[in-house]
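Below is one structure, written out as structure tokens, with a few remarks after it.
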Amino acid sequence: MSTNATTAIDFPEKGFIDQYQFYMRRRPSVTLAVQRDVVDPLLIRNTEQDRAETQIIADTTRAQSNPEKFTTKERLTGLDLLRQLDDGDDLIAEEYAYNEPPTLENAINMDAVTYGITGTGDQDYGMKSRLFAGYTYTTGEYDVMNAETRNKAFESGTMTDEEGEHSQGLYEQVRVQPGNTFMHFLTLEAGTPAMLAYVLHNVLNTHGYGARETRSGKTIENSIRALVVADQPALLSVGEFLEGYDPDPDHEDIGDALGHYLRAQERANWDVYGDEKVSDVESFPEWFSTLQAVSGRERDDATQILRELLVSDTAAARENIPELD
């Protein structure tokens, strides 16, 4: 795949399309194995208000989360990036909001083409998500009996009312505790290198997850443990991975188990890579290591390279999509 002089990243042909197309005529894929380490008590609420839903996998009760609990936060990180780097609506229209979609003309940006959007109202349209993220579960046990009892605040946001009376209302929360981990497989189908850079940026630069994250601050540290590049969708299951995961008390890292799972699922046209602790796979290729450093803002030229990639892809998408009206 061709590269330009500024990025100097030699992206492979495999796993990508050259530029965004509304209809997926081919479905190559890039899958990221993301390890999400809980670093501060994390409240994941699905249907339960004060605790996570649970799933018993391999005789262990695990916290379960739907993918939106993670991707929604990451999507907001991406929107902030687009607005930071925007120069005259070349990356994002001022009125764009994915939960209140504007006209199609003002909806074509990296957020919409990557995560999808559905227009309503005066103009109906839809762009399917190219990012597939399944349910995820904690690798360790979720202790549903470890409840934190707290006082309910008054409407003023304080624990005392106007007369100085202390709140007597109590509620409980069962948070996922530090030391636990979520594994998550994110698959980008029919995507471009810029779309992968965008997803990587959002994963590596989002740290506040869960309910009340604005008060809790950083709750999760993300890291990319493995990469699968394939000629077709390479969908993986966290539940399936955990069924065969037998934690070794003398070896806390999950690299061995992850490597074994990826090799067991591998197809003939997959290229499988991992970090130094993922067993039986090749090391990350140079192009991916460079892209990860750029997306994680570890390089001084990261902003320049990201903007260049995103502007080029956005312009190509805008040229492609209006013809479908």
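The values are calculated or read from the model by the stated rules, or taken from the named source; none is laboratory data. All of these numbers come straight from a predicted model, not from anything done at the bench. Don't worry about glycine lacking a Cβ; one is built from the backbone with ideal geometry, like all the others, and counts go over all protein chains shown.
Could you list, in sequence order, all residues of the stretch 187-205 that are hydrophobic (A, V, I, L, M, F, W, C), in contact with a Lys or Arg (Cβ under 8 Å, 6 or more places away or on another chain), under 12 Å from THR31 (Cα atoms) and not in a strand (DSSP E or B)?
Of everything in the stretch 187-205, just one residue is hydrophobic (A, V, I, L, M, F, W, C), in contact with a Lys or Arg (Cβ under 8 Å, 6 or more places away or on another chain), under 12 Å from THR31 (Cα atoms) and not in a strand (DSSP E or B), namely ALA190.
For the stretch 278-292, indicate whether the set of residues that are in contact with a Gly (Cβ under 7 Å, 6 or more places away or on another chain), assigned to a strand (DSSP E or B) and not acidic (Asp, Glu) is non-empty.
There is no residue in the stretch 278-292 that is in contact with a Gly (Cβ under 7 Å, 6 or more places away or on another chain), assigned to a strand (DSSP E or B) and not acidic (Asp, Glu).
Taking the stretch 94-105, which residues are surrounded by fewer than 17 Cβ atoms within 10 Å (Cβ to Cβ) and either in contact with a helix residue (DSSP H, G or I) (Cβ under 7 Å, 6 or more places away or on another chain) or closer than 18 Å to ASP313 by Cα (or both)?
Across the stretch 94-105, the qualifying residues are GLU95, GLU105.
Test of understanding: among VAL174, VAL238, which residue is surrounded by 19 or more Cβ atoms within 10 Å (Cβ to Cβ), at pLDDT below 95 and among the aliphatic types (A, V, I, L, M)? It would help to see each step written out before you state the result.
On the way: VAL238 fails: at pLDDT below 95.
The match here is VAL174.
Which of the strands (runs of 3 or more DSSP E) contained wholly in the stretch 22-85 include at least 1 residues that are surrounded by fewer than 15 Cβ atoms within 10 Å (Cβ to Cβ) and out of contact with any Ser or Thr (no Cβ under 7 Å at 6 or more places or on another chain)?
The qualifying strands (runs of 3 or more DSSP E) are 53-57.
Just one of (1) under 27 Å from GLU308 (Cβ atoms); (2) buried (at least 18 other Cβ atoms within 10 Å of the Cβ); (3) polar (S, T, N, Q) trips up THR136, so point out which.
(1)
Among the residues of the stretch 62-77, which ones are free of Cβ contacts under 8 Å to residues at least 60 places away in the same chain and in contact with a strand residue (DSSP E or B) (Cβ under 9 Å, 6 or more places away or on another chain)?
Hit for the stretch 62-77 is GLU68, nothing else.
Taking interchain pairs and intrachain pairs at least six residues apart, which have beta carbon atoms under 7 angstrom, with the first residue in the stretch 287-313 and small (Gly, Ala, Ser) and the second in a helix (DSSP H, G or I)?
As it stands, the answer is SER295/ALA197; SER295/LEU200; SER295/HIS201; SER295/LEU204; GLY296/LEU204; ALA302/VAL294; SER312/ALA194, since those pairs meet every condition given.
Return yes when ALA257 is exposed (fewer than 13 other Cβ atoms within 10 Å of the Cβ) and part of a helix (DSSP H, G or I) and no when it is not.
no
Out of THR61, THR103, THR47, THR77, I need the residue that is closer than 30 Å to TYR261 by Cα and among the polar types (S, T, N, Q). Which one?
Criteria check complete, one pass: THR61.
Could you grab the pairs with beta carbons closer than 7 Å, sequence gap of 6+ or different chains, first residue in the stretch 227-243 and under 14 Å from GLY274 (Cβ atoms), second one charged (D, E, K, R) and part of a strand (DSSP E or B)?
From residues that are under 14 Å from GLY274 (Cβ atoms), the pairs are VAL229/ASP271.
Give the number of residues within the stretch 8-43 that are of a type in the set (Lys, Arg) and under 19 Å from the mean Cα position of the chain (by Cα).
Going through the stretch 8-43 one residue at a time, the tally reaches 1.
Counting residues that are within 24 Å of LEU236 (Cα to Cα) and in contact (Cβ under 8 Å) with a residue 60 or more places away in the chain, which strands (runs of 3 or more DSSP E) fully inside the stretch 95-149 reach at least 3?
131-133, 136-138
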